[in-house]
Each structure stands twice: as structure tokens, then as C-alpha cells.
Amino acid sequence: MVKIISFSKVNKWYGNFHVLQEIDLEIKQGEVVVILGPSGSGKSTLLRCINRLETITKGELVVNGVKVNDRKTNINQLRQEIGMVFQHFNLYPHKTALENITLAPTKVRKLEREQAKKLALEYLEKVGIPEKAGSYPNQLSGGQQQRVAIARGLAMKPQIMLFDEPTSALDPEMIGEVLDVMRTLAKEGMTMVVVTHEMGFAREVADRIIFMDEGKILEAAEPDVFFNNPKNERTKLFLSRIL
Ligand code: ADP
Ligand code: MG
């Protein structure tokens, strides 16, 4: 198995606030890692370091073979390999679903317009809404918008997909359709790092669960062990509150 993400003794401060503390974490190609933890524990920050939306202060982070924070690293090239899906979709409101998806492939990957369109339609098909190609974000439900956002990420053919609470802004009846798409991706072997509060998804789809609190990884285990036999007292408390 090939390592694709590797945190070694990573630390980050926001001013004098120590948000990530001595993070050691290795993720293999094709692995699905779910990050759990209370609000403010540093989950988003950890995820955003992977594509350098945040910079680390100390330690080493290697993604897809390159040191993320090395001055010589071509960050745009690295980001092409990393798709990211946010809680609030972040679609361009004045572009159709199709245009949202073709934008990066034409601008960044320099794909021909027709080719990008064909690709976008394939991904809209994949996320189950090919008929929405011409719709604008405000004509789509939250679940549909999030599926467009996933298709947009996939259209860059990334090696890694990052998800930061992708269903937290959705009405309950739309959560399932987004999780279904993510489940399919996981089955197809996509490397995924997912911050979520969906425990059913975590239990069923994750290869590994990481539990964070106050900037530290307190526990890392397979779902079975994590949910049925957690070792850390803080993990037990967290699980007792949510399960
Ligand atoms: P989580 O995703 O687990 O809720 P975050 O990674 O978003 O946690 O945030 C961790 C902590 O860092 C929080 O206390 C948050 O207020 C703080 N924080 C996040 N972003 C910034 C920032 N840009 N500047 C200062 N503090 C921040
Ligand atoms: Mg967060």
C-alpha cells in the first residue's frame, strides 16, 4: 500500500493558540479516513492543511509525494490532485451546474470545451442528476447542489477527496443522497478524508476513524474497535453523548 498523505509531528498555531499539536497521521492510497471530534478541536484546520488552505507552523506534511510547505512546491499542481467539498457547497451562483463543473477542467487542465462538457455530464450522471446540467444553484435543492460540488471536485480527476462536514448544512431528507455518492466513491477506491457527524456513515464506510480533541489526535482505530471498544476516556465521553 502506498502512502499518499503523511503528517509528521505537525503543529500549527493561530497566533498563540496551538490549534494542531504533534499530529502524526499516515493515510494510504484508497483509504477512507473519517475525522470525528467536538467543535473547535481542529478538524477543519487539519483537513485544510492538506491542500495548503492553511499552512503548518512546524513539522512535515507530505501529500502525493511532495512536501506541501516546501517553497519549491507548485501548490496549484498539488491542488489539482486534491478535490475539496465544503459544508456550504461554494458553487458559483451565476453559472449553471455544468458550467460550475467545466470551469476548472478548461481553465486549469486546459481541456477543450466540448471535452470538458462531456466529462461534466459523465460526472453529473455519476452523482445522479444529469438532468440538472442547465440549472443554476438557486434552482437546485441543497442535496443537489452538494452533488454538483462533488461532481466538480471529481471532474479534476483528483487523487484525494477532502470532505468538510458535507452534509451538515442539509435538510435531513437530503443527507442520504449525498452520503450515497460518497459511499460509491469510497467503494471505487478513492482516497477520502471526511470530517462528518454522520456516525452511520463513519461506522460503515470508514477504514479508520480518527478522534480529535483540543488539537490532538487522541484515538485512531477501525470503526469496530472505535465504536465498540474505545480506549481513550475523552472518546468514550464523546461517544456517550452522541450515540
Ligand atoms: P473544527 O473544524 O474541529 O470545529 P477548526 O479547525 O475550525 O475546528 O478550529 C479549531 C480552533 O481554531 C477553533 O477554536 C477556532 O476558533 C480556531 N480557528 C480556526 N480558524 C482560525 C483562524 N483563522 N484564526 C484564529 N483561530 C482560528
Ligand atoms: Mg470544522
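The values are calculated or read from the model by the stated rules, or taken from the named source; none is laboratory data. Owing to the predicted nature of the structure, the values given are computational and were not obtained by experimental measurement. Glycine also receives a Cβ, built like all others from the backbone with ideal geometry; neighbour counts cover every protein chain displayed. To get the accessible areas, we keep the full protein, side chains included, count just its heavy atoms, and leave off ligands, DNA and RNA. Shrake-Rupley method; radii C 1.70, N 1.55, O 1.52, S 1.80 Å.
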For Lys9, state whether it is more than 13 Å from the chain's Cα centre (by Cα), at positive phi and among the basic types (Lys, Arg). yes
Condition broken by Thr167, with the remaining ones in (1) buried (at least 21 other Cβ atoms within 10 Å of the Cβ); (2) assigned to a loop (DSSP other than H, G, I, E, B); (3) touching a residue at least 60 places away in the same chain (Cβ under 8 Å) satisfied: (3)
How do the strands (runs of 3 or more DSSP E) wholly within region 1-67 filter down when requiring 3 or more residues that are hydrophobic (A, V, I, L, M, F, W, C) and closer than 19 Å to Glu165 by Cβ: which remain? 17-28, 32-36
Going by the conditions given, is Lys72 open to solvent by 30 Å² or more (accessible area, probe 1.4 Å), of a type in the set (Lys, Arg) and either in contact (Cβ under 8 Å) with a residue 24 or more places away in the chain or within 13 Å of ligand 2 (Cβ to nearest atom) (or both)? no
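Every residue, every condition in (1) open to solvent by less than 40 Å² (accessible area, probe 1.4 Å); (2) basic (Lys, Arg), yes or no:
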{"residue": "Lys110", "(1), (2)": "no, yes"}
{"residue": "Glu114", "(1), (2)": "no, no"}
{"residue": "Lys118", "(1), (2)": "no, yes"}
{"residue": "Tyr136", "(1), (2)": "no, no"}
{"residue": "Arg152", "(1), (2)": "no, yes"}
{"residue": "Asp171", "(1), (2)": "no, no"}
{"residue": "Glu177", "(1), (2)": "no, no"}
{"residue": "Val194", "(1), (2)": "yes, no"}
{"residue": "Ala202", "(1), (2)": "yes, no"}
Here is a list: Met182, Met174, Met190. Which entry is touching a residue at least 60 places away in the same chain (Cβ under 8 Å) and aliphatic (A, V, I, L, M)? Met190
In region 28-56, residue surrounded by the fewest Cβ atoms within 10 Å (Cβ to Cβ) [restricted to those that are farther than 24 Å from Ile242 by Cβ and away from ligand 2 (no atom under 16 Å from the Cβ)]: Thr55
Close pairs (8 angstrom Cβ cut-off, 6 or more residues apart or separate chains): within 10 Å of ligand 1 (Cβ to nearest atom) in region 36-58, small (Gly, Ala, Ser) anywhere: Leu36/Ala202; Ser41/Gly215; Gly42/Gly215; Lys43/Gly37
Condition check: over 14 Å from the mean Cα position of the chain (by Cα) and assigned to a helix (DSSP H, G or I). Does Gly189 satisfy that? no
If you go through region 84-115, how many residues are within 16 Å of ligand 1 (Cβ to nearest atom) and in a helix (DSSP H, G or I)? 0
